[in-house]
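Chemist: So that we are looking at the same thing, I have put the structure below in structure tokens.
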Amino acid sequence: MNMLRKSFLLTAAFLLSFTVLRAEEGMWLPQLLKALNENDMKALGMRMSAEDIYSVNRSSLKDAIVSFGGFCTGEVISDQGLLLTNYHCGYGQIQRHSSVENDLLTNGFWAMSKKDELPNKGLFVTFIVRIEDVTQQVFSGIDPKTGEKELQSIIAKRLPEIKEKATAGTHYDAVIKPFFYGNKYFMFVTESYKDIRLVGAPPSAIGKFGGDTDNWVWPRHTGDFSMFRIYTAPDGSPAEYAEENVPMKPKHFLPINIGGVKPGDFSMVFGFPGRTQEYLTSYAVKPLVETINPARIKVRDEKLAIMRADMQKSDKVRIQYASKYARVANYWKKWIGENRGLKISQAVAAKEKEEKAFQTWANSRPEYASLLADMKKVYAQQLPTEMPYNYMREAVFGAEILYFAYRTSHYFEASEAERAKMLKKTKSQAEGFYKNYNLPTDKALFARLMEMYANDIDAAYHPDALKKAVAKYKGNYAKFAEAVFKKSVFASKEKFMASLSKPKKVLKDPAFLLTKEFYALYKEKVVAVRKETGSKLDLLMRKYVKGLMEMNPGQKFYPDANSTMRVSFGIIDENEPEDGIRYTHQTHLEGIVRKSESGNPDFRMPKKLRDLYERKDYGRWAENGKMPVCFLASNHTTGGNSGSPIIDAEGNLIGLNFDRTWQSTMSDINYNATICRNIGMDVRYLLFIIDKYAGASHLIDEMKIVSKVYRQTPAQKSAAAQEGTLTKPE
Ligand code: ARG
Ligand code: ASP
């Protein structure tokens, strides 16, 4: 909760003329920038007004930003609806258009004219029409003494009414979400487009360059981009896919600035960050660092080792498990970095210090006096569930056979009539599952994960079936696995498909029974407790954040990320994340060449790229004879910010956000501007790939390319910020 320290920033910067504390923390609501952040942004070098970023009365930057499929961000970069996002965000679509004969993943894809652009069923993008504070409407007339349960049920009834009123007679949708743990509610009126066509993607050797080896890592050299186009009905309105649809005419699109980036330049990320928990107390962060993250990491260590061993032995398994492996590895690596960052920044001690200050303030205020003590008690009540909770998700459901038995259990327990309705879906679920299933790998996973559960989890959380197996096989988990896999119909596609018409038998299947018992115990002893502690914590956190705001009336607070539209601002910057490690702000094509010499297949460099490098055939995209690839900035970002534009001082696109450095991943809990850096792909590398590698310069003709440098001295920046009055919180 470094924002508690933020209020000192401006005074420190202006009066002492050196900056110890930095202003970059926060994911801010775009409609509140004017009231809260405009001057801070100018102090960092911004040369736009808050209105240029968000306005409902005229076009603004927000009109070029979309939520891409609900899980990433994208931005419009031409007046014909051309859309940019990450390669890893468009990956599913690119993969679906690929086949052995037409392998877009390996070869890349470039539509050379609009009629070659590929439709994508189910893909949509969402613009924000306007954002409204609806807190008053949500709470009006409710007695403040109303109990939590009743309060939540009243609110649940009101939200649809408010949304209905806001969108009646339009084709808009609306979402209302709680902010600051329910102290505030904001409504987002949205407009979604559903005809989104694939325009271009580099080969994965560029779009995924570095693979898992480089994930969450700096120096980075990934060309993590793909391009789509938004189509509308001929009259410009959103429409389902139809051949006669036309490219969208956006209210705004981002010009692209190839002027280059240097440390100290203003940068801003605009997008849809998914989830952060910046206000967690030490009672939550301590078990996360000491218990939860180590447990999750330990289980995933084992899962990855087992998958890796089999993937190395067989090409078939390597392909089957590639995406599963990547999914497990992504957060495994994230949690390791997160713990590292939390330790380096001494996050627990810092939180404890803040809590001590809060307690001193609260002692004379009956409403808050016992809040922290109460919270501590609830976390203590929740603590015993953490290990079984995480092991259920990571270890028990890490055995694929158990997770698949769980996912299809409803079918086998259903009535005949219901089964008939579910048959088709269950079959297609099975097709998908067994396509990427290797029995020996799963058997090894099962044996190891059951052993870990039995050894690491308190016996009070062992279902009978596990206890019996432990007694019977006396620590030989391979034998346990052998027995289960020999008998279970879930171990083979043929047996599974055949058993769809004989569901009674499955009710006695060993994998089915084991899953059922684990799940029943989990619900009774883990979920039940966590439901109770969870709703107590919701209420306590709501009060805690409210208390913090009362305690620091001059302070600006930002709400945790919740997949709504946000702005983060900062500067292009290098840093020293750990003792003796220096991250410079920019990487170049040279780095790709060096990495490619390591022999690691994650670093395979396409020959054509190598040739361009040898010839230094960079067109107008290089800087001093070198081709920039990625850069670092101090913008506060998280999952969901992938594909977000990194924007310069005047609203042009300079980069495409896609990751954070390893130590930065703690920013979901504890952002620290000295340590945390987001990673973006430089627009010049993007244009170079489109132009020189793909030969798709017709796409560049569509864009608006500018070349500008907005470098300001610290004195110029503070003068710009002081033009207005210093920020006063709402
Ligand atoms: N770490 C980034 C994010 O969380 C990128 C993940 C995709 N890349 C990968 N190598 N798995 O989304
Ligand atoms: N890689 C993340 C994403 O896909 C971004 C991040 O966590 O920094 O959204």
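The values are calculated or read from the model by the stated rules, or taken from the named source; none is laboratory data. Owing to the predicted nature of the structure, the values given are computational and were not obtained by experimental measurement. Heads up, the Cβs are rebuilt from the backbone with ideal geometry, glycines too, and the neighbour counts pull from every protein chain shown. Accessible surface is based on the protein model in full, side chains and every heavy atom, while ligands, DNA and RNA are left aside. Shrake-Rupley method; radii C 1.70, N 1.55, O 1.52, S 1.80 Å.
Chemist: Taking only pairs six or more apart or across chains, which ones have beta-carbon atoms under 9 Å, a first residue in region 685-698 that is without any contact (Cβ under 8 Å) to a residue 24 or more places away in the chain, and a second residue that is part of a helix (DSSP H, G or I)?
Modeler: Ser697/Ile690; Ser697/Asp691
Chemist: Just give me the residues in region 366-383 being touching a residue at least 12 places away in the same chain (Cβ under 8 Å), open to solvent by 50 Å² or more (accessible area, probe 1.4 Å) and farther than 15 Å from Glu532 by Cα, in sequence order.
Modeler: Answer for region 366-383, where residues must be touching a residue at least 12 places away in the same chain (Cβ under 8 Å), open to solvent by 50 Å² or more (accessible area, probe 1.4 Å) and farther than 15 Å from Glu532 by Cα: just Glu367.
Chemist: Next question. Examine region 650-659 for a residue that is assigned to a loop (DSSP other than H, G, I, E, B), crowded, with 20+ Cβ neighbours inside 10 Å and within 15 Å of ligand 1 (Cβ to nearest atom), and state whether such a residue exists. Even if it seems obvious, please write down each step before you answer.
Modeler: Keep residues of region 650-659 that are assigned to a loop (DSSP other than H, G, I, E, B), which gives 650-652.
Restricting the remaining residues to those that are crowded, with 20+ Cβ neighbours inside 10 Å gives 651-652.
After this cut, where a residue has to be within 15 Å of ligand 1 (Cβ to nearest atom) as well, the list is none.
Within region 650-659, not a single residue is assigned to a loop (DSSP other than H, G, I, E, B), crowded, with 20+ Cβ neighbours inside 10 Å and within 15 Å of ligand 1 (Cβ to nearest atom).
Chemist: Take Ala205 and decide whether it is closer than 17 Å to Arg604 by Cα and either within 16 Å of ligand 1 (Cβ to nearest atom) or part of a helix (DSSP H, G or I) (or both).
Modeler: On the way: closer than 17 Å to Arg604 by Cα: yes; either within 16 Å of ligand 1 (Cβ to nearest atom) or part of a helix (DSSP H, G or I) (or both): yes.
Yes; evaluated as a whole, the condition is true for this residue.
Chemist: Check region 578-597 and report whether any residue there is within 16 Å of ligand 2 (Cβ to nearest atom) and polar (S, T, N, Q). Break it down stepwise before answering.
Modeler: Taking region 578-597 as the starting set, the residues that turn out to be within 16 Å of ligand 2 (Cβ to nearest atom) are 583.
Still in the running and polar (S, T, N, Q): none.
Scanning region 578-597, I find no residue that is within 16 Å of ligand 2 (Cβ to nearest atom) and polar (S, T, N, Q), so the answer is no.
Chemist: Just one of Ala471, Ala465 is touching a residue at least 40 places away in the same chain (Cβ under 8 Å), assigned to a helix (DSSP H, G or I), small (Gly, Ala, Ser) and farther than 26 Å from Lys435 by Cα; which is it? Before the answer, list the steps.
Modeler: Details: Ala471 fails: touching a residue at least 40 places away in the same chain (Cβ under 8 Å).
Exactly one residue qualifies, and that residue is Ala465.
Chemist: Determine which single condition Tyr241 fails, assuming it passes every other condition in (1) closer than 30 Å to Arg594 by Cα; (2) aromatic (Phe, Trp, Tyr); (3) away from ligand 2 (no atom under 16 Å from the Cβ).
Modeler: The failed condition is (1).
Chemist: Search region 68-81 for residues being away from ligand 1 (no atom under 12 Å from the Cβ) and under 13 Å from the mean Cα position of the chain (by Cα), and hand back the single one that is most open to solvent (accessible area, probe 1.4 Å).
Modeler: As a first pass, look at region 68-81 and keep what is away from ligand 1 (no atom under 12 Å from the Cβ): 68-70, 74-81.
From the residues that got through so far, the ones that are under 13 Å from the mean Cα position of the chain (by Cα) too are 68-70.
Numbers: Phe68: 0, Gly69: 18, Gly70: 53 Å².
Among those that are away from ligand 1 (no atom under 12 Å from the Cβ) and under 13 Å from the mean Cα position of the chain (by Cα), it is Gly70.
Chemist: Considering only residues of region 267-284 that are among the hydrophobic types (A, V, I, L, M, F, W, C) and within 16 Å of ligand 1 (Cβ to nearest atom), which is most open to solvent (accessible area, probe 1.4 Å)?
Modeler: Within region 267-284, the subset among the hydrophobic types (A, V, I, L, M, F, W, C) is 268-270, 272, 280, 284.
Then drop every residue that is not within 16 Å of ligand 1 (Cβ to nearest atom), which leaves 269, 272.
Working: Val269: 1, Phe272: 19 Å².
Only one residue tops the list, namely Phe272.
Chemist: Here is a check on your reading of the model: is Ala694 open to solvent by 10 Å² or more (accessible area, probe 1.4 Å) and within 16 Å of ligand 2 (Cβ to nearest atom)? Walk me through it before giving the result.
Modeler: Working: open to solvent by 10 Å² or more (accessible area, probe 1.4 Å): yes; within 16 Å of ligand 2 (Cβ to nearest atom): no.
Here the answer is no, as Ala694 does not meet what is asked.
Chemist: Could you go through region 306-328 and let me know if any residue there is in a helix (DSSP H, G or I) and under 27 Å from Leu383 (Cβ atoms). Spell out the reasoning first.
Modeler: Applying the first criterion (in a helix (DSSP H, G or I)) to region 306-328 yields 306-313, 315-328.
Keeping just the survivors that are under 27 Å from Leu383 (Cβ atoms) gives 328.
Yes; the residues of region 306-328 include at least one that is in a helix (DSSP H, G or I) and under 27 Å from Leu383 (Cβ atoms).
Chemist: Turning to a different aspect of this structure: Conditions: (1) touching a residue at least 60 places away in the same chain (Cβ under 8 Å); (2) away from ligand 1 (no atom under 16 Å from the Cβ); (3) surrounded by fewer than 22 Cβ atoms within 10 Å (Cβ to Cβ). Gly141 meets all but one. Number of the miss?
Modeler: That leaves (1) as the condition not met.
Chemist: Within the bounds of region 295-312, is there any residue that is open to solvent by 50 Å² or more (accessible area, probe 1.4 Å) and at pLDDT below 95?
Modeler: Restricting attention to region 295-312, the residues satisfying the condition of being open to solvent by 50 Å² or more (accessible area, probe 1.4 Å) are 298, 301-302, 308, 312.
Going one step further and asking which of them are at pLDDT below 95, we end up with 312.
Scanning region 295-312 turns up at least one residue that is open to solvent by 50 Å² or more (accessible area, probe 1.4 Å) and at pLDDT below 95.
Chemist: When Ser55 is evaluated against the numbered criteria (1) in contact with a helix residue (DSSP H, G or I) (Cβ under 8 Å, 6 or more places away or on another chain); (2) open to solvent by less than 10 Å² (accessible area, probe 1.4 Å); (3) away from ligand 1 (no atom under 16 Å from the Cβ); (4) in contact (Cβ under 8 Å) with a residue 12 or more places away in the chain, which criterion, by number, is the only one it fails?
Modeler: (4) is the only condition that Ser55 fails.
Chemist: Only one of Asp456, Asp442 is among the acidic types (Asp, Glu), closer than 28 Å to Ile297 by Cα and open to solvent by 30 Å² or more (accessible area, probe 1.4 Å); which? Write out each step before concluding.
Modeler: Working: Asp442 fails: open to solvent by 30 Å² or more (accessible area, probe 1.4 Å).
Going through Asp456, Asp442 in turn, the sole match is Asp456.
Chemist: Step by step: first the residues of region 585-635, then only those that are free of Cβ contacts under 8 Å to residues at least 24 places away in the same chain and either on the phi > 0 side of the Ramachandran plot or in a loop (DSSP other than H, G, I, E, B) (or both), then the one that is most open to solvent (accessible area, probe 1.4 Å). Which residue is that?
Modeler: Within region 585-635, the match that is most open to solvent (accessible area, probe 1.4 Å) is Asn624.
Chemist: Considering only region 464-498, state which residues are surrounded by fewer than 20 Cβ atoms within 10 Å (Cβ to Cβ) and under 23 Å from Tyr411 (Cα atoms).
Modeler: Ala465, Lys486, Lys487, Ser492, Lys493, Glu494, Lys495, Met497, Ala498
Chemist: Given the options Glu400, Glu386, Glu413, name the one that is among the charged types (D, E, K, R), surrounded by 15 or more Cβ atoms within 10 Å (Cβ to Cβ) and under 30 Å from Leu439 (Cβ atoms). I'd like the intermediate steps shown before the answer.
Modeler: Working: Glu386 fails: under 30 Å from Leu439 (Cβ atoms); Glu413 fails: surrounded by 15 or more Cβ atoms within 10 Å (Cβ to Cβ).
Selected residue: Glu400, the only one of Glu400, Glu386, Glu413 that is among the charged types (D, E, K, R), surrounded by 15 or more Cβ atoms within 10 Å (Cβ to Cβ) and under 30 Å from Leu439 (Cβ atoms).
Chemist: Applying the selection to region 692-730, what residues are modelled with pLDDT of 85 or more and touching a Leu at 6+ places or on another chain (Cβ under 9 Å)? Before you say what the answer is, go through the steps one by one.
Modeler: The first filter runs over region 692-730 and keeps only residues modelled with pLDDT of 85 or more, leaving 692-711.
Listed by number, the residues that qualify are Lys692, Tyr693, Leu699, Ile700, Glu702, Met703, Lys704, Ile705.
Chemist: Of everything in region 82-132 that's among the β-branched types (Val, Ile, Thr) and within 16 Å of ligand 1 (Cβ to nearest atom), which residue is nearest to Gly69 (Cα to Cα)? Steps first, please.
Modeler: Here is the first cut: in region 82-132, the residues among the β-branched types (Val, Ile, Thr) are 85, 94, 100, 106, 125-126, 128-129, 131.
From the residues that got through so far, the ones that are within 16 Å of ligand 1 (Cβ to nearest atom) too are 85, 94.
Numbers: Thr85: 11, Ile94: 14 Å.
Within region 82-132, the match that is nearest to Gly69 (Cα to Cα) is Thr85.
Chemist: Same structure again: Scan (1) closer than 30 Å to Asp173 by Cβ; (2) among the aliphatic types (A, V, I, L, M); (3) open to solvent by less than 50 Å² (accessible area, probe 1.4 Å) for the single condition Ile572 breaks and write down its number.
Modeler: Status for Ile572: all satisfied but (1).
Chemist: From the list Pro250, Pro287, Pro263, Pro202, pick out the single residue that is at pLDDT 95 or above, buried (at least 24 other Cβ atoms within 10 Å of the Cβ) and more than 16 Å from ligand 2 (Cβ to nearest atom). Steps first, answer last, please.
Modeler: Details: Pro250 fails: buried (at least 24 other Cβ atoms within 10 Å of the Cβ); Pro287 fails: buried (at least 24 other Cβ atoms within 10 Å of the Cβ); Pro263 fails: buried (at least 24 other Cβ atoms within 10 Å of the Cβ).
Answer to the check: Pro202.
Chemist: Further question: Which of the residues belonging to region 229-252 are free of Cβ contacts under 8 Å to residues at least 40 places away in the same chain and closer than 15 Å to Glu702 by Cα?
Modeler: The initial filter retains those residues of region 229-252 that are free of Cβ contacts under 8 Å to residues at least 40 places away in the same chain, namely 233-236, 243-244, 246.
Of everything in region 229-252, nothing turns out to be free of Cβ contacts under 8 Å to residues at least 40 places away in the same chain and closer than 15 Å to Glu702 by Cα.
Chemist: Do we have any residue at all in region 625-639 that's under 22 Å from Val683 (Cβ atoms), within 16 Å of ligand 2 (Cβ to nearest atom) and of a type in the set (A, V, I, L, M)?
Modeler: Yes.
Chemist: Which of the helices (runs of 4 or more DSSP H) found entirely inside region 72-191 contain at least 3 residues meeting this: within 16 Å of ligand 2 (Cβ to nearest atom) and modelled with pLDDT under 95?
Modeler: Working: elements: 87-96, 104-107, 135-139, 148-167.
Hits in region 72-191: 87-96.
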